[in-house]
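The structure appears right after this line, and notes come after that.
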Amino acid sequence: MAGEAVDPSAPNLVEVFSSQGHLGARVAKSKLEAAGIPVMLSYDSASLLFGITVDGIGEVRVLVPESFAEEARGLLSEDQPPQENASTDTSEE
């Protein structure tokens, strides 16, 4: 685990995002920190040392205190592309 501004032994940490690899997790971490939300990344050291990103080894979890979870999820969902809706068919135009 990367020891950042949050105590890793705190029982009220919740996962708000996960990424296969460090890049996406670090982007999410930066966005949350910019909003004043304390963040900690949790990952297997092999993913960082060896660059392994198969079978869940490269998963990086973004953790925040429970009291910030809803706000954090809201901020992170702003950048998500809209889900395709099966009932929206633009081929008939």
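The values are calculated or read from the model by the stated rules, or taken from the named source; none is laboratory data. In this text, all values refer to a predicted model and were calculated from it rather than measured experimentally. Positions of Cβ are backbone-derived with ideal geometry, glycine not excepted, and every protein chain shown enters the neighbour counts.
Number of residues in region 10-31 that are out of contact with any Ser or Thr (no Cβ under 9 Å at 6 or more places or on another chain) and free of Cβ contacts under 8 Å to residues at least 24 places away in the same chain equals 3. Annotation: of all residues in region 43-58 being part of a loop (DSSP other than H, G, I, E, B) and touching a Ser or Thr at 6+ places or on another chain (Cβ under 9 Å), the one that is surrounded by the most Cβ atoms within 10 Å (Cβ to Cβ) is 58. The condition (being out of contact with any helix residue (DSSP H, G or I) (no Cβ under 7 Å at 6 or more places or on another chain) and modelled with pLDDT under 70) is satisfied by just one residue among 67, 45, 77, 87: 87. One residue stands out among those in region 24-36 that are among the hydrophobic types (A, V, I, L, M, F, W, C) and more than 10 Å from the chain's Cα centre (by Cα): the one that is nearest to residue 46 (Cα to Cα), which is 34. Looking across region 1-22 at every residue that is modelled with pLDDT of 90 or more and out of contact with any helix residue (DSSP H, G or I) (no Cβ under 6 Å at 6 or more places or on another chain), the one that is surrounded by the most Cβ atoms within 10 Å (Cβ to Cβ) is identified as 13.
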